[in-house]
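Read the structure below first, then the notes.
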Amino acid sequence: MLQAFREGERATLTRVYRTYSPQVARYLARRFSVRSGSSVHSVSLGALDLDAAHQETFVRAFRPAMRQAYDGVRPYLGFLLTLARSTAVDLLRASGRIAREAVPLDDAPELAHAPTEEHGPEEQALRAEVRTLVRQFLEGLPEEARALAQLRFMEGLSQEAAAARLQLTRGEVRVRERHLRTRFTEHLLARGWLDVPLGGMEKLP
């Protein structure tokens, strides 16, 4: 099923949409806490924006790059809710309800909604190690690179949306993202998480 999903098989995408659509809709109907400067606000989507955010979440999730990005390990609901939060905040910014520099304060959905009680101690330890690995990588990045990683890989924004937020062209984002992926591969190699020749890294997605 994961392979069919990654290949964009229509029946599989329809099944995924029908399975998760109600949960995404409920999540988007909640209030979102955002910080702008020193102020914290609690905001919610209007009826029209709610429907738009619901559909846009699945449009983003079903893009080829996002289908390939899902690893089949994380709970897919958390993956979707992360996109839903990003979409909701983007719409709130676009409508002027919140400032463009506002930052969401909610916990990352993939952590808040993951059914950790179903995982054994070995898997929980592995997940903790992976989170530490990623955090160390992000902390070692320059500010601009860290901002790009946050927008593209944590919030799930498209290259176009990330470029607009960072005031870059899409081409600049594409080049920086490629460098970012290479640096992360080097980070994994240095810590023994990958066994890939350095000469083959440019072939990685």
In whole Hz, the Karplus estimates of ³J(HN,Hα) for the range 17-28 (6.51, -1.76, 1.60; θ = phi - 60°; x where Gly or Pro) are 4, 5, 6, 9, 3, x, 5, 5, 4, 5, 5, 5
Given backbone amide H placed at 1.01 Å from N, residues whose amide H is under 5 Å from that of Phe32, ignoring those fewer than 5 places away on the same chain, are Val43, Ser44
Note, Gly8: beta-carbon cut-off 10 Å, +1 each Lys/Arg, -1 each Asp/Glu, net +2
So Ser33 and Ala69, fully extended at 0.36 nm per residue minus their Cα-Cα distance, gain in nm 10.3 nm
One finds, for Thr14 and Arg135 with R0 = 25 angstrom and r their Cβ-Cβ distance, a FRET efficiency to the nearest 0.05 of 0.10
Sorting Asp90, Asp71, Asp51 on solvent-accessible surface, 1.4 Å probe, most exposed first, gives Asp51, Asp71, Asp90
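The values are calculated or read from the model by the stated rules, or taken from the named source; none is laboratory data. Computed from a predicted structure; not experimentally measured. When we count neighbours, we look across all protein chains shown, and the Cβ atoms used for this are built from the backbone with ideal geometry, even at glycine. All accessible areas refer to the heavy atoms of the entire protein, side chains included, with ligands and DNA or RNA removed. Shrake-Rupley method; radii C 1.70, N 1.55, O 1.52, S 1.80 Å.
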